[in-house]
Amino acid sequence: MLVIFLFYGLNVVLSLIKFRGENMKVVKTVAEVREIVNPIKLQGKKIGLVPTMGFLHDGHMSLIKRAREDNDFVMVSIFLNPTQFGPNEDLDNYPKDLESDLSKCEAQGVDLVFTPDVDDMYDNLKTYVKVEELTNQLCGMSRPIHFQGVCTVVSKLFNISKADRGYFGQKDAQQLAVLRKMVKDLNFDIELIGCPIVREADGLAMSSRNKYLNEQERKDALCLYKSIQKAKEIIGKGVASKDIISAMTEVINEVPYAKIDYIQVVDSEFLQPVETVEGDVLVALAVDMGSARLIDNFTYEV
């Protein structure tokens, strides 16, 4: 009996070691992903999914680290999703470095990286997923098709990966809120984990699009973080949203070429504008700095 116990105990240990990224697999097709994840689900192991568009930075690494802590098996998708880019957006110029991405994933113990081609993900696509109301504000005002593309590709990734948990950064706060609503409304059997914004040492929120900034723009981009700090100084229960927006606008306008897309104060759940801070709110902004569109936010809980 002792020999049998030791044999099966050793197999369990070896099985867990196997799922720690030491033999990271990189696949390109849906069929390959399913061939790998189906047996894992049958074993009762938990799968964590980190969807990305590549050009990974420390913000992505924080999601992967959390997924590694929570799950037996970690899958990262690297897919520059064309359906979430509108006309004249930066799809063609979006930064890419797959070799570096794979190296970073392997260092974090990722088990599976999915790098599909567009044709494999979208074979004569006629079906889209759209969340109403929550996509009408913030980024949805100037990027009307963006969240339809996000919801569609994330729905596909959930189904392909059979993940138990999905990991998303709070920097894309509207995206996280929209996906939470989608998961609830469509009864996806997955838990969404929101992870804190990761910032550079000087406060700038990490983003793949920071690569677009030249030296002067990189310095001036701190106006977003400074505006958030200013808003945090004055925000409180009963404070008028227009006063918060005005204070943030004043900080941003200190950079002459900075172009504000929006600064909004919205309720945290449904993302609709509020006149005063009475419940939990999200304060979010998007600013064009040269060729880079940067976003940032913070939440305030009453």
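Computed from the Cβ-Cβ distance with R0 of 25 Å, the FRET efficiency linking Lys226 to Asp267 stands at 0.50. Helix 98-107 and the longest principal axis of the Cα set of the chain meet at an angle near 70°. When the Cα positions of Pro39, Phe270, Ile64 are compared along the charge dipole of the chain, Pro39 comes out farthest toward the positive end, with charges on each C-beta of Lys, Arg, Asp and Glu. The Cα-based radius of gyration of region 208-300, divided by its Kirkwood radius, gives an Rg/Rh of 0.99. Name the residue from Ile234, Thr83, Thr152 whose Cα lies farthest towards the positive end of the charge dipole of the chain, charges +1 on Cβ of Lys and Arg and -1 on Cβ of Asp and Glu. Highest projection toward the positive end goes to Thr152.
Dipole check for the chain: with +1 at the C-beta of Lys and Arg, -1 at the C-beta of Asp and Glu, and the Cα centre as origin, the magnitude is about 680 Debye. Taking the longest Cα principal axis of the chain as reference, the axis of helix 146-161 is set at about 10 degrees. Taking the 1.4 Å solvent-accessible surface of region 19-195 as the whole, the part contributed by carbon and sulfur is 45%. Backbone amide hydrogens, once placed in the peptide plane, bring Tyr262 within less than 5 Å of Ala286, excluding anything fewer than 5 places away on its chain. With all projection directions averaged, the alpha carbon convex hull of region 19-195 covers 9.8 nm². Seen against the Cα atoms of the chain and their longest principal axis, helix 2-18 is set at about 40 degrees. Across region 70-86, computed HN-Hα scalar couplings (Karplus, 6.51 cos²θ - 1.76 cosθ + 1.60, θ = phi - 60°) run 8, 10, 7, 9, 10, 10, 10, 9, 10, 8, 7, 7, x, 6, 9, 10, x Hz from first to last residue, x flagging Gly and Pro. Dividing the summed helix terms, -39500 (n - 2.57) for each DSSP H run of n ≥ 4, by the number of residues in the chain produces a 222 nm estimate of -12000 deg cm²/dmol to the nearest 500. Put a plus charge on the Cβ of each Lys and Arg, a minus charge on the Cβ of each Asp and Glu, and nothing anywhere else: the dipole of region 16-113 about its Cα centre is then about 540 debye. In sequence order, region 179-190 has phi-based couplings of 5, 4, 5, 4, 4, 5, 5, 9, 6, 5, 8, 8 Hz under the Karplus curve 6.51 cos²θ - 1.76 cosθ + 1.60, θ = phi - 60°, and Gly or Pro positions carry x. For Gly169, the residues 5 or more places off, or on other chains, whose built amide H falls under 5 Å of its own are Cys195.
Entry comment: accessible area of the chain is 50 Å² per residue, from protein heavy atoms only and a probe of 1.4 Å. The trypsin sites (Lys or Arg not before Pro) found in region 124-167 that occupy coil by DSSP, while having at most 15 further C-beta atoms within 10 Å, are Lys126, Lys130. Prolate is the label for the chain, because a/c, from the alpha-carbon gyration tensor with a ≥ b ≥ c as root eigenvalues, is 1.5 or above and a/b exceeds b/c.
Put a plus charge on the Cβ of each Lys and Arg, a minus charge on the Cβ of each Asp and Glu, and nothing anywhere else: the dipole of region 208-300 about its Cα centre is then about 340 debye.
The values are calculated or read from the model by the stated rules, or taken from the named source; none is laboratory data. Just so we're clear, the structure is a prediction, and the values are computed from it rather than from any experiment. Glycine gets a Cβ as well: all are built from the backbone with ideal geometry, and neighbour counts include every protein chain shown. Note: areas computed on protein heavy atoms with side chains; ligands, DNA, RNA excluded. Shrake-Rupley method; radii C 1.70, N 1.55, O 1.52, S 1.80 Å.
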